[in-house]
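A short worksheet on the structure shown next.
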Amino acid sequence: MPPGWAWATIEEVARVQLGRQRSPQQHTGEHMRPYLRAANVTWQGISLDEVKEMNFDHPDFAKYRLESGDILLNEASGSPHEVGKPAIWNNEIDDCCFQNTLLRLRPQRVNGTYLHWYCYAQALTGRFGEAGRGVNIRHLGKRGLSQFPIPVPPTSEQERIVAAIKEHFFRLDAANNALAAAQARIEATRRAALAAAFAGRLVPQDPNDEPATTLLERIAVSRRTAPRRQEVRA
């Protein structure tokens, strides 16, 4: 542990909350609200492709309402490397809540982006999955996440770490985009080479070559004049 760093549990640096359980009686009501579930949390961030609604009365709305900067994590998965997959909520939808397939972290005594990247690393490496319970489906749970250890550097160093991660990921994205562009050019060159090959443009044309029409006529004559084979019946 570097000087000035300290170990803590996640519940010591953030408020941990499991989402609201779905039930048939909440499918309709006077206080329908949008809510997020595991399908809305991706490695690229929050996905709003399919946001559902559920009835949240005033006490539940106060408890499960999302605020900007909240971190949402997948509570469970059949893949150990998907357990705890995180994304930061930035108020993409007004008055949005969350379901119990997600856990929410509300940073209290740590840089929120630092906490997000730490959770990202633990999910990506499968450590959250190892800490979960279950056989086919691994559940991290509120208790498992609350007691999970986290190294806490000084505040200024947290900010430098976040900036360094952002820079590294920017370079990785640029390299990935360049690679994708190169692969696209390679595929285009392959198609062009094949098209040229079968259009007579890939190699120089020799005027002394026998024309294809003459070759085809000679083959046809050869077939017509060739003796037929006698079929042998068993």
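Below, the figures for the structure above:
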| read-out | value |
| --- | --- |
| Matching option when the condition is touching a residue at least 40 places away in the same chain (Cβ under 8 Å) and either over 30 Å from residue 117 (Cα atoms) or among the hydrophobic types (A, V, I, L, M, F, W, C) (or both), among 162, 203, 221 | 162 |
| Which listed residue, of 33, 22, is touching a residue at least 60 places away in the same chain (Cβ under 8 Å), in a loop (DSSP other than H, G, I, E, B) and either among the aliphatic types (A, V, I, L, M) or surrounded by 13 or more Cβ atoms within 10 Å (Cβ to Cβ) (or both) | 22 |
| Subset of segment 91-119 [assigned to a helix (DSSP H, G or I) and without any contact (Cβ under 8 Å) to a residue 40 or more places away in the chain] | 118 |
| Identity of the residue in segment 138-167, among the β-branched types (Val, Ile, Thr) and not in a helix (DSSP H, G or I), that ends up surrounded by the fewest Cβ atoms within 10 Å (Cβ to Cβ) | 150 |
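This table checks each residue for (1) surrounded by 14 or more Cβ atoms within 10 Å (Cβ to Cβ); (2) more than 23 Å from residue 152 (Cα to Cα); (3) in contact with a Pro (Cβ under 9 Å, 6 or more places away or on another chain).
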site	(1), (2), (3)
51	yes, yes, yes
72	yes, no, yes
82	yes, yes, no
86	yes, no, no
100	yes, yes, no
125	no, no, no
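A short reminder: the numbers here are calculations on the coordinates, not readings from a lab. Note that the structure is a prediction, hence the values are computed from the model and not measured. Quick reminder, even Gly has a Cβ in these numbers, built from the backbone with ideal geometry, and neighbours come from all protein chains shown.
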